[in-house]
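Structure first, commentary second.
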Amino acid sequence: MKKVHLFFTLDAEESWINTVQAGGYRLSHVTRWLALYTFTPLTKTAPVNPYTRIDFRNKAMSQRNYADYCQLFADSGWRLITGSRHGGTQYFQQTTASADHDIFSDSQSRAQSRQRYLQFSLTFMILFFMYAGVSVHNSTAGWSGLWHVKSWYLTPGIWQMHGGQFWRAMLIETPVAVLRAVPAYVFLILGLFYLIRVMVNWPQKRRKR
Amino acid sequence: MTRNSHLPLTETTTYVLLALTQPLHGYGAIQRIAELSNGAVKVAAGTMYGAIENLLKLEWIHEVPSADKRRRVYELTAKGRDILQQEVQRLRQLGNLATQVGY
């Protein structure tokens, strides 16, 4: 069973996964860039209806460190479903019923992983808005041109052409125009996505340390 | 007496430091803590990993060479032993004080 679902917090994602799993499935793979979750039905003989928990890494790890990280989870009864040593969400699933129900045993360490998620979102928000700014700046039409489709076309006098001549120019230039305009849109959308994530995850009240 | 700004330590940190008075890898430390506390304290994997990361940054523990390629092994540094000593002293004083008032 495949499901696409976009989340703005790790806690919402985690509880959704476990709700789906409670219906007799287990998460078997996550295609992170598509927000695509693959679940497989539990077999009747499955020893556990497992929990899946999410840790978040905002920095890349060396191969050795990542092996050590995964091994610590494996020793504790958690199998890595999907994850990357280059960072991001790491999905761990219980392998035995006797294992702990959570990968965090105090609120501080759980908060730290959520903090890494916020920092990561903040970094990528700034990065994508900068990319958007640069790609708009490099296009001749500027910010107003972003919403003005006609300005994407640079062929002189294209909008005064008629009939076959117009359609030929249109056909030739449309792919180029799209390529010229699309990056700015993509960067803007990604920037907005991370902006929402930052806003949703921003601490409500500052706790004294 | 000026107190170290890192004190008091969290319960998890104190347990991890106590466990790492001998060289252990992450899961070894989890097992050792369970053993020391008669099964009362079970540190979860994510919490242990985070604790080790923090302690390495503070230079209270350091990695020691081991034959196991997949599990890094750690032990207290002099700095770590010193802070643990201070924390235990603090806890003892607190305990003594509680005894004095009848608890």
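Quick notes on this structure:
- By definition, a body whose alpha carbon gyration tensor gives a ≥ b ≥ c is oblate when a/c is 1.5 or more and a/b is not larger than b/c, and segment A:2-103 fits this oblate description.
- Overall, the anisotropy analysis places segment A:115-201 in the prolate class: the square-rooted eigenvalues a ≥ b ≥ c of its C-alpha gyration tensor yield a/c not less than 1.5, with a/b exceeding b/c.
- If you sort the three axes of the alpha carbon gyration tensor as a ≥ b ≥ c, you get a/c of 1.5 or more for chain A and a/b above b/c, which makes it prolate.
- Average Cα contact separation per residue, chain A, under 8 Å, 6 or more apart, as relative contact order %: 18
- A DSSP coil position with no more than 12 other Cβ atoms inside 10 Å describes the following trypsin sites (Lys or Arg not before Pro) in segment B:40-103: B:Lys69.
- Kirkwood hydrodynamic radius of segment B:11-100, from the reciprocal of the average inverse Cα-Cα distance over all distinct pairs: 13.6 Å.
- The protein assembly as shown - charge dipole about Cα centre, Lys and Arg +1 at Cβ, Asp and Glu -1, debye rounded to 20: 380
- A Cβ-based charge dipole, computed about the Cα centre of segment A:1-91 with Lys and Arg at +1 and Asp and Glu at -1, lands at about 260 debye.
- Between helix A:63-75 and chain A: long-axis angle, C-alpha atoms, 0 to 90°, nearest 10: 40
- In summary, segment A:125-171 shows an alpha-carbon radius of gyration equal to 1.50 times the 2.2 N^0.38 Å reference for compact globular proteins.
- At R0 = 22 Å, FRET efficiency that the Cβ-Cβ distance of A:Ile158 and A:Leu179 yields, to 0.05: 0.85
- Added length on full extension, which subtracts the Cα-Cα distance from 0.36 nm per residue, A:Thr95 to A:Ala12: 27.6 nm
- Neighbour-limited loop hits for chymotrypsin sites (Phe, Trp or Tyr not before Pro), segment A:13-117 (at most 11 other Cβ within 10 Å; DSSP other than H, G, I, E, B): none
- For segment A:16-110, the relative contact order works out to 26 percent when only alpha carbon pairs closer than 8 Å and six or more residues apart are counted.
- When you restrict to C-alpha pairs under 8 Å that are six or more residues apart and normalise by the size of chain B, the relative contact order lands at 29 percent.
- Most positive-pole-ward Cα, A:Met199, A:Leu146, A:Cys70, against dipole of chain A from beta carbon charges: A:Met199
- Computed from Cα positions, the angle between helix A:107-138 and the longest principal axis of chain A comes to roughly 10 degrees.
- When you filter the GluC sites (Glu not before Pro) in segment B:56-103 for DSSP loop state and at most 12 other Cβ atoms inside 10 Å of their Cβ, you are left with B:Glu59.
All of the numbers you see were taken from the coordinates with simple rules; none came from a lab. Just so it is clear, the structure is predicted and the values come from calculations on it, not from any experiment. Cβ atoms come from the backbone with ideal geometry, glycine included; neighbour counts cover every protein chain shown.
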